[in-house]
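Trainee: Here it is, the structure, as structure tokens.
The values are calculated or read from the model by the stated rules, or taken from the named source; none is laboratory data. No experiment lies behind these values; they were computed from the predicted model shown. All Cβ positions, even for glycine, are placed from backbone atoms using ideal geometry, and neighbour counts span all protein chains on display. Areas reflect the complete protein model, heavy atoms only, side chains present, ligands, DNA and RNA absent. Shrake-Rupley method; radii C 1.70, N 1.55, O 1.52, S 1.80 Å.
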Amino acid sequence: MNLATAQSQKNQKEVGLSKVMGASRWSLIKRFYAESFLMVLFSTVVGLIILVLALPFFNNLADTQVYNRTFVRKVLATLAFSTLVLAVLAGSYPAL
């Protein structure tokens with residue numbers, strides 16, 4: 001949402017031009033939701049890459065083994081759900 005607020009002036013020009021070209025309200029809403037979903041998805045993937053790279057160092061530092069198939073499934077399910085929720089919340093402000 002912070003990023004969407006910062007880019008609001010640029011978005012106002014794009015929305016105005018899209019409306020002049022004949023875009024419907026629904027197509028603009030879909031565009032904002034798609035933008036926010038892609039941004040959240042990209043951030044999630046980058047976070048997962050950092051997690052995979054940092055986990056061996058953490059395991060060595062903490063002298064433990066943080067990896068369990070059940071744990072990983074729960075984390076991935078929670079991550080998928082929170083990605084969808086964050087995308088909807090982040091897209092709601094500029095879309096509506």
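Trainee: When the label point is put 7 Å from the Cα of VAL75 along its Cα-to-beta-carbon vector, which residues of the range 33-62 have a backbone N closer than 15 Å?
Mentor: 44-62
Trainee: What accessible surface, in Å², does a 1.4 Å probe find on VAL72, ignoring ligands, DNA and RNA and rounding to the nearest 10?
Mentor: Result for VAL72: roughly 40 Å² accessible.
Trainee: Given a Förster distance of 22 Å, report the FRET efficiency between THR44 and SER92 from their Cβ-Cβ distance, rounded to the nearest 0.05.
Mentor: For R0 = 22 Å, the calculated efficiency reads 0.75.
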